[in-house]
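The values are calculated or read from the model by the stated rules, or taken from the named source; none is laboratory data. Please read all numbers here as calculations on a predicted model, not as lab measurements. Please note: Cβ atoms are built from the backbone with ideal geometry, for glycine as well, and neighbour counts cover all protein chains shown. Side chains are part of the model used for accessible areas, which takes the heavy atoms of the whole protein and leaves out ligands, DNA and RNA. Shrake-Rupley method; radii C 1.70, N 1.55, O 1.52, S 1.80 Å.
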Amino acid sequence: MELCLRIAVILTASEDTVTQSTGDVIGYEGGSVTLSCTFTTTSSTNPYLFWYIQRPNDPPKYMLRRDKYSNDTVQEYKKRFNAKLNTSSVPLAIEDVQLYDSAVYFCALRPTVTVIL
């Protein structure tokens, strides 16, 4: 079954940028997909990169964080979701894609604009 993953962009401080591919990423149930996220920062030598997921009718939900010295992943995402922090990117890999994975995915760089819902 074909499914669609949507990605979006979160704006950061003026000297920092985060860029994600625009549009939809198409994957197949049981397959794998990788969502891109590139960044530049002048405010930190140890940037913190975050991935969030937003399913229909729900607020964004924290999935994982990557930085130079540590990784943090919410338990429910540890099995099939992974991101590796590179010099200027932190792509999100999703294995064994499920229909339930259809959502909007956000990549963010600290400091980010925080919205309380």
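Evaluating Tyr62 against the criteria (1) out of contact with any Phe, Trp or Tyr (no Cβ under 7 Å at 6 or more places or on another chain); (2) open to solvent by 60 Å² or more (accessible area, probe 1.4 Å) leaves one unmet condition, (1). Has the stretch 88-111 got any residue that is in a loop (DSSP other than H, G, I, E, B), basic (Lys, Arg) and crowded, with 17+ Cβ neighbours inside 10 Å? Within the stretch 88-111 (the criterion being in a loop (DSSP other than H, G, I, E, B), basic (Lys, Arg) and crowded, with 17+ Cβ neighbours inside 10 Å), the answer is yes, since at least one residue qualifies. Name the residue that is most open to solvent (accessible area, probe 1.4 Å), counting only residues in the stretch 27-50 that are within 14 Å of Tyr105 (Cβ to Cβ) and among the hydrophobic types (A, V, I, L, M, F, W, C). It comes out as Phe50. Residues of the stretch 75-87 that are in contact with a Leu (Cβ under 9 Å, 6 or more places away or on another chain) and part of a loop (DSSP other than H, G, I, E, B): Lys78, Leu85.
Tell me, yes or no, whether the stretch 49-67 has at least one residue that is in a helix (DSSP H, G or I) and not hydroxyl-bearing (Ser, Thr, Tyr). Within the stretch 49-67, not a single residue is in a helix (DSSP H, G or I) and not hydroxyl-bearing (Ser, Thr, Tyr). One residue alone among Asp58, Asp72, Asp96 is without any contact (Cβ under 8 Å) to a residue 12 or more places away in the chain, in contact with a Lys or Arg (Cβ under 8 Å, 6 or more places away or on another chain) and not hydrophobic (A, V, I, L, M, F, W, C), and that residue is Asp72.
Just one of the listed residues (Asn71, Asn82, Asn57) is on the phi > 0 side of the Ramachandran plot and either open to solvent by 60 Å² or more (accessible area, probe 1.4 Å) or among the aromatic types (Phe, Trp, Tyr) (or both), and it is Asn57. Of the residues making up the stretch 75-93, those that are of a type outside the set (A, V, I, L, M) and free of Cβ contacts under 8 Å to residues at least 40 places away in the same chain are Gln75, Glu76, Tyr77, Lys78, Lys79, Arg80, Phe81, Asn82, Lys84, Asn86, Thr87.
Inclusion of Asp72 among residues that are assigned to a strand (DSSP E or B) and more than 19 Å from Asp16 (Cβ to Cβ) is warranted.
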